[in-house]
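Remarks on the structure that follows.
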Amino acid sequence: MNDTSILLIDDHPLLRKGLAQLIDEEEGLKVIAEVGDGATGLKKAIELEPDLILLDLNMKGMDGLETLKAMRANGVVSRVVVLTVSEHKDDVAAMFRAGADGYLLKDMEPEELLGQISQAAMGKLAIDVRLAEVLASVLRPDSTQTSKIDLLTPKEREVLQFIAEGDANKIIARKMNISEGTVKVHVKRMLRKLDFRSRVEAAVWWVNNRGR
């Protein structure tokens with residue numbers, strides 16, 4: 001299986017280099033680009049379509065929130081995990097509502113951080129345990145969206161179910177016997193129809209609404 005491609009966006013060069021080195025030593029993970037500002041990060045995200053993006057929150061110029069919103073507005077479906085020093089619940093809420101797929105703190109132990117990044121690479125939620133309670137309140141399901149399941153095609157519904165099970169695009173492509181590019185198209189359309197900005201939002205909604 002191909003390595004999970006990762007884009008690093010952080011305005012601290014030393015941290016970026018150290019993180020890249022840490023990640024590249026882990027089997028199955030590969031940093032394909034690293035940039036120091038949000039605007040360049042946005043361009044690279046659109047150009048490279050990485051599997052996973054690690055995004056700093058507090059950056060000069062375009063901060064992490066602006067960058068993430070711009071990514072989702074430009075159709076970037078890469079999984080985005082925020083890596084920051086901020087534990088403030090307003091920051092956590094804002095990033096998840098803008099379409100983040102995970103939120104990690106920079107003071108985590110390297111082994112724990114790498115473990116969470118590996119989880120994110122497999123399509124699973126990456127969240128610092130200290131922030132789990134905040135996340136639960138942010139992603140409380142909206143019952144008014146229940147009927148939107150009817151907007152999805154059978155293929156989109158199948159993709160959503162696999163996402164809720166924690167499968168990454170590569171795995172979904174193999175299970176459905178379609179290309180990874182086709183999976184990405186289904187994901188984009190599914191998120192647009194349900195008015196969600198991230199796979200995490202969609203997965204939580206599916207788990208709470210399936211069978212209704």
Within the range 181-199, can one find any residue that is under 21 Å from MET122 (Cβ atoms), basic (Lys, Arg) and at pLDDT 85 or above? yes
Any chance THR67 is open to solvent by 10 Å² or more (accessible area, probe 1.4 Å), outside any loop (DSSP other than H, G, I, E, B) and among the polar types (S, T, N, Q): no
Exactly one of these conditions fails for ALA136: (1) at pLDDT 90 or above; (2) aliphatic (A, V, I, L, M); (3) farther than 20 Å from LEU55 by Cα; (4) part of a helix (DSSP H, G or I). Give me its number. (1)
I'd like to check something: does the range 101-123 contain any residue that is buried (at least 20 other Cβ atoms within 10 Å of the Cβ) and modelled with pLDDT under 85? yes
Regarding the range 41-51, can at least one residue be identified that is open to solvent by less than 10 Å² (accessible area, probe 1.4 Å), touching a Phe, Trp or Tyr at 6+ places or on another chain (Cβ under 9 Å) and under 28 Å from LEU194 (Cβ atoms)? no
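The values are calculated or read from the model by the stated rules, or taken from the named source; none is laboratory data. All of these numbers come straight from a predicted model, not from anything done at the bench. Quick reminder, even Gly has a Cβ in these numbers, built from the backbone with ideal geometry, and neighbours come from all protein chains shown. When the accessible area is computed, the model is the full protein with side chains, heavy atoms only, and any ligands, DNA or RNA have been set aside. Shrake-Rupley method; radii C 1.70, N 1.55, O 1.52, S 1.80 Å.
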